[in-house]
Amino acid sequence: MSTVLVLYYSRRLQLNKIPTIGPSGILTSYLGAYKVLFNARDMIQEGYSKYRGGIFKVPGISSWIIVVSGPKLVDELRKAKDAEISLHEAGRETLQIEHTIGPSVQHDPYHISIVRSALTRSLVERFPDVQDEITTAFAEHIPPTEDWSTVVALPIIMEIVCRTSNRLFVGLPLCRDPDYISLNIEFTVDVMKAATAINLFPTFLKPLKRAMSLLGPTINERLRQEELYGKDWPGKPNDALSWLLDIANGDQRTVRDLTLRILAINFAAIHTTSMAFTQILFDLAAHPSYVPALREEIETVIREDGLTKMSLHKMRKLDSFIKESQRIGGNGVLAMPRKVLKDFTFSDGTVVPKGYLIAVANFSMHHDEEHYTNPNEFEGFRFAHFRDSETEGFSKHQMVSLGLDYIVFGHGRHACPGRFFAVNELKAILAHVLLNYDVAFETGERPADRWFGFASVPDPTASIMFRKRCS
């Protein structure tokens, strides 16, 4: 008992040495946690300004959140061993994965390997399918017309992203099934609501049963074909479901487990990409002066190379516009969440005790004038200029590249494995919009983002106007 008390007070002493933003008392810290729900961005910025390049803490609902800033400490966090600091365990806690998606996904996330490998390798071969789905989805949801038509942006973008992603995940015709689309979108939204509220999401089984009824026939047919003709059966689709079956074993080869994996992949793809593209669309409408140069670049590349995955790679201004949109907006104030499994000491002497969540102040870093000139101004071709002016800049400043001052996708071995697919999808959708539509706001002003806790989302009620491209 005495040993336990010594460890508790030792760790409490180390925690107390970390500077605090907001109240730090045993009871008053709960008031601080309530304040974080509505003022997290300002509180993190306060800590960043006071302790730039250092470490501070803010109160969470159930525990303190340790916040790291500056490239040096971010690099130390990146290099930390999984046995010391764990992304996996942070996901368990922040997203309540066991309850929101399922225990098998939490304890055996083998589906991540196919995102990192097979999905990325397939992007060139499957790009025509992606482009076809983007074209078809826009034609159905936003038919080009001479007059302006107004749509609520985020729901439409989520439908288009869901269809486009699932063209690679499960293929035709399921990717266009209205019930399948609504299921994945609702599941994505419900998981985020449940995770934000830190509850147990008891309705988890309802979307699973619905998903199994939709995916079950496809999965059973794939299993039947494999039993008859072997793993490389004639006409085998090149999609995520096939990739999962290629490496699944035992109980992993059931309708239930495979459905959970597809739901999990959809959750990651739909949420982040939809939020990102809605931000990009809003930035495009807010900064129409970039449109002529973007169109010129796209059309020049297409004339020379056609519209392919590889030709998208040559569109530096398009890539830069997307990257700048995410630098300015992003998806919250913190990135690279980790759970501390063993007391961890940074080079500045700060000891972060076992059991606490730690993350990087990415929003503040992305708006720091030490890293970016005029950091609060949207400069759509900022990163294209970097690539033009630096000898190593051709790849260094691409959207998919990792760095210590731009961490939308995290950094190191646990950086987002789906970033190549996500960026490819964002480029293809944005190129389609630029080539076929003019966009504008009804009010002429960009809608403000919505903030809650450490997360931000583009205004889900905001409308945007589309019309057939005039020039």
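Here are some notes:
- Scalar couplings 3J(HN,Hα) for the stretch 51-56, obtained by applying the Karplus form with A = 6.51, B = -1.76, C = 1.60 to θ = phi - 60°, are 10, 3, x, x, 10, 8 Hz; x denotes Gly and Pro.
- Remark: the stretch 357-367, residue by residue, has Karplus-estimated 3J(HN,Hα) of 7, 10, 8, 9, 7, 5, 4, 5, 5, 6, 10 Hz, where x stands for each Gly or Pro and the curve is 6.51 cos²θ - 1.76 cosθ + 1.60 at θ = phi - 60°.
- Listed by chain and number, the lysines whose C-alpha is less than 30 Å from the C-alpha of LYS309, apart from same-chain residues fewer than 8 away, are LYS231, LYS236, LYS317, LYS323, LYS396, LYS427, LYS468.
- Here the dipole of the chain is about 1320 debye; that uses its Cα centre as origin and unit charges on the Cβ of Lys and Arg (positive) and Asp and Glu (negative).
- Tensor-based shape of the stretch 379-471 (alpha-carbon gyration tensor, a/c under 1.5 rounded, otherwise prolate or oblate): oblate
- Ratio Rg/Rh, restricted to the chain and using Cα atoms, in which Rh is the Kirkwood radius: 0.97
- Selection from PHE420, THR461, TYR356 lying farthest towards where the dipole of the stretch 354-471 points positive, charges on Cβ: PHE420
- Under 5 Å from the amide H of LEU341 lie the amide H atoms of ILE85, SER86, GLY355, each residue being 5 or more positions distant or on a separate chain, with H modelled from the backbone and absent for Pro and chain starts.
- Close amide-amide hydrogen proximity is noted between LYS57 and THR20, ILE21, VAL67, each under 5 Å apart and 5 or more residues distant or on a separate chain (H modeled in the peptide plane; Pro and chain starts excluded).
- Descending Cα extents along the principal axes, the stretch 234-393, whole Å: 60, 54, 32
- Note that the stretch 141-149 has calculated 3J(HN,Hα) couplings of 8, 9, x, x, 10, 5, 8, 5, 10 Hz, one per residue in order, obtained from phi through the Karplus relation 6.51 cos²θ - 1.76 cosθ + 1.60 (θ = phi - 60°); glycine and proline are x.
The numbers here are math on the coordinates, done by the rules we state, and not lab data. All figures in this text were calculated on a predicted structure; none of them were measured in a lab. Ideal geometry is used to build each Cβ from the backbone, glycine not excepted, and the neighbour counts take in all protein chains shown.
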